[in-house]
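For reference, the structure is listed below as structure tokens.
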Amino acid sequence: EIYSLHVDCKVTSRFAHTVITSRIVNRANESREATFEVELPKTAFITNFSMSIDGEVYPGIIKEKAAAQNEYDSAVSQGQSAGLVKITDRKLEQFHVSVNIAAASKVTFELTYEELLKRQLGKYELLIKVRPKQLVKHFQIDVHIFEPQGIQFLEADGTFMTNELTEALTKVQNETKAHILFKPTVDQQKKNSELDETLLNGDFVVRYDVKREATAGDIQIVNGYFVHYFAPQEMPVFPKNIVFVIDRSGSMAGRKIEQTVDALLKILQDLRPEDHFNFVTFNSKVVEWKSSLLPATEENVASAAALVQTLTARGGTDISGALLAAVGVLEKAEGLPERSVSMIVLLTDGQPTSGERNVEVIQENIQKAINGKYALFCLGFGFDVSYKFLEKMALRNGGIARRIYENADAALQLQGFYQEVATPILMQVEMQYPENSIEGLTKNNFKLFFEGSEIIVSGKISNELDLLPVEIKAQSHTSDLTLKEEANVKEKEQVFQNQRYIFGNFIERLWAYLTIQQLLEKAISAQEEDQKALEAQALDLSLRYSFVTPLTSMVVTKPSDQQPKELANKPTEAG
């Protein structure tokens, strides 16, 4: 019986630190298995886990992956494998551990994870998965938010909310702080008064955004580490030149092609009149819809919609030929707006089976053809794609990859992705800081900036600086911009001094988190020898700040009379 479940989340300037504590008692008169199961965002890193059984604490210890594996292998006879973490859906992964406890014994599980909330479409989203599977006497979610820039709006909601449960949700906020408390009684948790079934099954989501002055972003400093947030607003949007490359091979037949058609029809409606577009569809044959890019006039959009509705799926998959055709369409385009953004969006659900099949060769050829001029976005539909291949190709060509999960909302996933890249407002963004005073600077130049997102740069201020000057250079649709700002280091440090519920070195941890994420991403598209160096750096930071990343494992120890050790690894989308 879970008699207490507490989710305590502190968000300090987008950096979220979540602790989940579950207390379980065995009310039977024999020993039973107690299970702790938590779903956490894929973007988060676990930093700590412990079990305490009748006062005895069993901590999880984070080690380099191979070392942890060796320790585990020596402790466990081959054939018993226990991965404690697995991907469960598009946004979540699940941590699952069980332990035997004696009659009348109690166990407390505690899991801590951290993540940097990413701004998408104008808001941050904190996702807490709620699924206790039983009524819990003391159930509580606490979310504390502190945003020195000021909170612009804040909403909290659960997918399982009823009128009674809404009464258990309170929200208190002032200019810069908010506290959200969700504390339903056992009666409020019940589906109905007769049955002991819980309503709590779904997502508890907090969404918010911060206030922004129209300047060169916002700088925050704690203990010599700085973070710089930049999200300009109300800028003119660049016209887009976009080629949709759509897989219509046999495996796309049925639901997938229907969902693709649904999504494309909506996306066509969202094109702006100043955009230019074309379609390349492919199976073993590559077909260009029109010989050149067309302006997104009402007429052209209508005739594209008619084409899209006739898409049928059969045959092989010539990814290489299709992408080269798309590059050709952009190469020979004429009369495009002077300042515009060119992109290719590939949607495929399989491996290359016709035309060029060697993925390395395809990657080389596409990179040569694109030559840094266009951004390539790769959407992999389902689990038969080689996600690694798509991800490498996208990252090498200034874009990103995304897996589309085959379920009811696949069309919404496709549309959602398009909305994120639909409004480029800056190009060639360079964030400049005094070179000799900053160490460990995270990525500070960005090819494209999309409305509703946010650029985050962090680093360590090395010498006794009083003022931290920053300069941002970028191209907008109408002009070249230079924005300047100076941060007073002492004043900025003051902001966080008197905040009770903040863990002191949060900007340093944010810096480590961001650096690890970026090193791992860089490693994906790097050559082999560079890859090793990047991973070594990321491993060093993962161990130093105790993050479970794809390079580390957490060794979970148990009482000696049980299976001795288990491993918690970080799964990745590429598997």
Just to be sure before I move on: is residue 267 touching a residue at least 40 places away in the same chain (Cβ under 8 Å), closer than 24 Å to residue 335 by Cα and assigned to a helix (DSSP H, G or I) in the structure I sent? yes
Just wondering, is there one or more residues in the stretch 510-525 that are more than 30 Å from residue 216 (Cβ to Cβ), buried (at least 17 other Cβ atoms within 10 Å of the Cβ) and modelled with pLDDT of 85 or more? yes
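Residue-wise test of (1) at pLDDT 95 or above; (2) buried (at least 21 other Cβ atoms within 10 Å of the Cβ).
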{"position": "360", "(1), (2)": "no, no"}
{"position": "367", "(1), (2)": "yes, no"}
{"position": "373", "(1), (2)": "no, no"}
{"position": "377", "(1), (2)": "yes, yes"}
{"position": "410", "(1), (2)": "no, yes"}
{"position": "420", "(1), (2)": "no, no"}
All-but-one check, residue 430 against (1) in contact with a Lys or Arg (Cβ under 9 Å, 6 or more places away or on another chain); (2) open to solvent by 70 Å² or more (accessible area, probe 1.4 Å); (3) under 22 Å from residue 122 (Cβ atoms), failing number (3)
Just need a number here: residues in the stretch 99-116 that are of a type in the set (A, V, I, L, M) and touching a Phe, Trp or Tyr at 6+ places or on another chain (Cβ under 7 Å). 2
Boolean, residue 145 is touching a strand residue (DSSP E or B) at 6+ places or on another chain (Cβ under 6 Å) and farther than 24 Å from residue 496 by Cβ: no
Of (1) in contact (Cβ under 8 Å) with a residue 60 or more places away in the chain; (2) open to solvent by 40 Å² or more (accessible area, probe 1.4 Å); (3) over 25 Å from the mean Cα position of the chain (by Cα), residue 131 satisfies every one except (3)
Looking at the stretch 348-365 only, could you name the residues that are under 15 Å from residue 401 (Cβ atoms) and charged (D, E, K, R)? 349
Inside the stretch 451-480, can you point out the residues that are open to solvent by 30 Å² or more (accessible area, probe 1.4 Å) and assigned to a strand (DSSP E or B)? 460, 467, 469, 471, 473, 475, 480
Just to be sure I understand the filter: pairs with C-beta atoms under 7 Å, separated by 6 or more residues or on different chains, first member in the stretch 513-542 and more than 19 Å from residue 460 (Cα to Cα), second member in a helix (DSSP H, G or I) and acidic (Asp, Glu). Which pairs pass? 523/535; 524/391
Is one or more of the residues making up the stretch 229-244 over 30 Å from residue 315 (Cβ atoms), modelled with pLDDT of 95 or more, open to solvent by less than 70 Å² (accessible area, probe 1.4 Å) and not in a loop (DSSP other than H, G, I, E, B)? yes
In the stretch 433-450, anything of a type in the set (Asp, Glu) and part of a strand (DSSP E or B) is listed as 439
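The values are calculated or read from the model by the stated rules, or taken from the named source; none is laboratory data. Just so you know, these numbers come straight off a predicted model, no measurement behind them. A quick note on method: Cβ atoms are made from the backbone with ideal geometry, for glycine too, and the neighbour counts reach across all protein chains shown. Protein only, heavy atoms only, side chains kept; ligands, DNA and RNA dropped before computing areas. Shrake-Rupley method; radii C 1.70, N 1.55, O 1.52, S 1.80 Å.
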